[in-house]
Amino acid sequence: MVTALSKPSSLIHEIQLEKVDNWNLFKFSEPLQLRMESLLEKKKADQLTNDEIAELDAIGELDRIFTHMNAMLAAQDANS
């Protein structure tokens, strides 16, 4: 069975900015954070479906993008 890979952009409505100290950081909404944790638990138990694998891949890609962007913002602030 072939599944369509979910695109990280399909999760754009789950993005929020959160004020942490003096920084505004990109974060997942609480429902998306909980979904990622649920999928990771299923992955540990080797119980993911193909659709869930694609979903976790998309969430993981978005997480990597956020981590990079937040690091860039922190570095920019540190150099100011």
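The values are calculated or read from the model by the stated rules, or taken from the named source; none is laboratory data. The structure displayed is predicted, hence computed values, not measured ones. All Cβ positions, glycine included, derive from the backbone under ideal geometry; neighbour counts span all protein chains shown. Please note that ligands, DNA and RNA were not included when accessible areas were found on the heavy atoms of the full protein model with its side chains. Shrake-Rupley method; radii C 1.70, N 1.55, O 1.52, S 1.80 Å.
Roughly how many percent of the accessible protein surface of the chain is carbon and sulfur, given a 1.4 Å probe and a whole-percent answer?
Percent of accessible area from carbon and sulfur atoms in the chain: 54.
Write down the Å³ per residue value for the convex hull defined by the alpha carbon atoms of the chain.
Value for the chain: 98 Å³ per residue.
Between LYS43, LYS19, LYS27, where does the largest GNM mean-square fluctuation fall for the chain, given springs only between Cα atoms within less than 10 Å?
LYS19
Evaluate the distance, in nm, between pseudo-label points positioned 7 Å from the Cα of ILE15 and of LYS42 along their respective Cα→Cβ axes.
2.5
For the stretch 29-72, what does the equivalent ellipsoid look like in terms of its semi-axes, each the square root of 5 times an eigenvalue of the Cα gyration tensor, given largest first in whole Å?
21, 11, 8
Tell me the per residue accessible area of the chain using a 1.4 Å probe; a whole number in Å² is fine.
74
Restricting to lysine pairs 8 or more places apart or on different chains, what number in the chain have Cα atoms under 21 Å apart?
Here the count comes out as 4.
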